[in-house]
Amino acid sequence: MKAMVLTQPAAVDTSPLALSDEPIPEPAGDEVLVEVIACGICRTDLHVVEGELPQKLPKVIPGHQLVGRIVRRGSAAKKYGVGARVGIPWLHRTCGVCEFCTRAKENLCPTALYTGWNVNGGYAEYVVAPEQFVYPIPDTFSALAAAPLLCAGIIGFRALRLAELQSGDTLGIYGFGAAGHVCIQVARHWGIRVVVSTREDKHRKLAAELGAEWVGGAYDDPPVPLNAAIVFAPAGELVPAALKNLKRGGTLVLGGIYMTPIPSFSYDLLYWERKIRSVANNTRQDGFDFLRVASEIPIHTQTQLFPLEQANAALQALKRDGIRGAGVLIVRPDAETQ
Ligand SMILES: [Zn+2]
Ligand SMILES: [Zn+2]
């Protein structure tokens, strides 16, 4: 099978992913083999490729937002039939028995495995995953539209849940890429007012089109105080910048797996019971709940498409904030129709 493979993390400008002919993986036990149609790109892929996340395998295929069809099942896989269209997310497998897994916090499992980091992911024609960790894709969405929902979408949704907002509240979104453009649509659907601070002009335009009441530059202060803020950009400087716009008791949610160091700031910014919390992965329940809501709304994903072979170029565009909405790799050229 064709795959884009990482052997040595390096700056994405040096095109560290190499097109390679790899063996098609074999589904064992509870696993299914999925023929990939499309795979979304995510900032986390950039952190894997550039080495901000430590290398886990001598050679890995990145990618953790893929949609495809089941073509073969392991001997214990019974949940989905061959031909079912499914999505494979970041969370590959958890232990099921630790204190987190048994308390509906499997996103915190210390021995979890992650797609495209410590197991191979979707920058390839085929992937295996345990059937309990794949999602059926609602018919509402094409494969191309669904791919960015699987990480950007679910993480944006979990971040919004953790922000604990009510209808009529105001949310500030800092950084407006793939996750932000899905998150705003769910927030508006729930009656939440949204303001967006982001550095690229084309992201500000998209935010306004999707219902932001105000848009400004990355460090511009919104005109109204915020009940909560979500920082999707990986810039630690945004933490004090966002905190200073939070109302008393407000929550600041940090949506990324990696962030540059956070500068020190005055305790005044945090006092009055303001909270800062990160989002770490997601539970399967988040995924099922989000895909239901996404299909009810329905969410419209803005996608910029790249052929699989251009994964390096796609990640380079992501790094310089050059993607409007979400970037998606087309793995099967007839993806439009699937
Ligand atoms: Zn566990
Ligand atoms: Zn991701």
With a 1.4 angstrom probe the carbon and sulfur portion of accessible area for the stretch 104-166, in percent, totals 50
Here the net charge surrounding Ala124, from other residues whose Cβ is less than 11 Å away from its Cβ (Lys, Arg +1; Asp, Glu -1), is -3
With a Förster distance of 25 angstrom and the Cβ-Cβ distance between Arg161 and Ala76, calculated FRET efficiency to the nearest 0.05 equals 0.15
Here the gain from full extension of Lys247 to Gln302, 0.36 nm per residue of separation minus their alpha-carbon distance, amounts to 16.6 nm
Quick calc: nm separation of the 7 Å Cα→Cβ label points for Glu309 and Asp201 -> 3.4
In degrees, nearest 10, the alpha-carbon axis of helix 178-189 is tilted away from the dominant principal axis of the alpha carbons of the chain by 60
Dividing the surface of the Cα convex hull of the stretch 212-338 by four yields a projected area in nm² of 10.3
Between Gln55 and Arg277, the two model label points (7 Å from Cα along the beta-carbon direction) sit apart by a distance in nm of 3.6
Using alpha-carbon positions, the gyration tensor of the stretch 48-168 gives root eigenvalues a ≥ b ≥ c; with a/c under 1.5 called rounded, otherwise prolate if a/b exceeds b/c, else oblate, the class is rounded
Sparse-neighbourhood loop hits (trypsin sites (Lys or Arg not before Pro), the stretch 76-136; DSSP loop; Cβ within 10 Å at most 12 others) -> Lys78
With R₀ set to 22 angstrom, the calculated FRET efficiency between the beta-carbons of Arg320 and Thr7, to the nearest 0.05, is 0.35
In degrees, nearest 10, the alpha-carbon axis of helix 284-296 is tilted away from the dominant principal axis of the alpha carbons of the chain by 80
With 0.36 nm assigned to each residue of separation and the Cα-Cα distance removed, Leu19 to Tyr219 gains 68.1 nm
Per the 1/(1 + (r/R0)^6) rule, R0 = 25 Å and r from the Cβ atoms of Thr111 and Tyr258, FRET efficiency to 0.05 is 0.75
Non-local residues with an amide H under 5 Å from the amide H of Val119, with H modelled 1.01 Å from N and Pro and chain starts lacking one, are Tyr114
Taking Cα atoms only, helix 152-162 is inclined relative to the longest principal axis of the chain by an angle, in degrees rounded to 10, of 40
The set of residues whose placed amide H lies less than 5 Å from the amide H of Gln302, leaving out same-chain residues fewer than 5 positions away, is Ala326
What helix-only [θ] at 222 nm does the chain give? Using -39500 (n - 2.57) per DSSP H run of at least 4, over all residues, to the nearest 500, the answer is -6000 deg cm²/dmol
Simple spin-label estimate for Cys98/Gln338, 7 Å along Cα→Cβ, in nm, reads 3.3
Computed over the chain, the distribution of all Cα-Cα distances in 20 Å bins, rounded to whole %, is 33, 58, 9
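The values are calculated or read from the model by the stated rules, or taken from the named source; none is laboratory data. Just so you know, these numbers come straight off a predicted model, no measurement behind them. Methodologically, a virtual Cβ is constructed for each residue, glycine included, from the backbone with ideal geometry; neighbour enumeration extends over all protein chains shown. Surface areas here come from the heavy atoms of the whole protein model, side chains and all, with no ligands, DNA or RNA. Shrake-Rupley method; radii C 1.70, N 1.55, O 1.52, S 1.80 Å.
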